[in-house]
């Protein structure tokens, strides 16, 4: 399986998702599959490939009985 792409639309454009023509990629970065459709949109300049966002660490704290 190919590594997914992280893309956003070029300024002023809305690009339809592959196989979902009623939903659009806008100026917010999204993860999409690495398919010919998205690679072609990048090549045409409709989409801009962006770096993969760093994972946000989630910290959880455990409270023991009586620590409330």
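Nothing in this text is a laboratory measurement; each read-out follows from the coordinates by a stated rule. Nothing here was measured: the structure is a model prediction, and the numbers come from that model. Ideal geometry is used to build each Cβ from the backbone, glycine not excepted, and the neighbour counts take in all protein chains shown.
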- Message: Would the range 5-49 count as rounded, prolate or oblate if I go by the C-alpha gyration tensor, calling it rounded below 1.5 in a/c and otherwise prolate when a/b exceeds b/c, oblate otherwise?
- Response: rounded
- Note on the structure: Most packed first (mean Cβ within 10 Å per residue), the peptides 20-32, 39-51 order as 39-51, 20-32
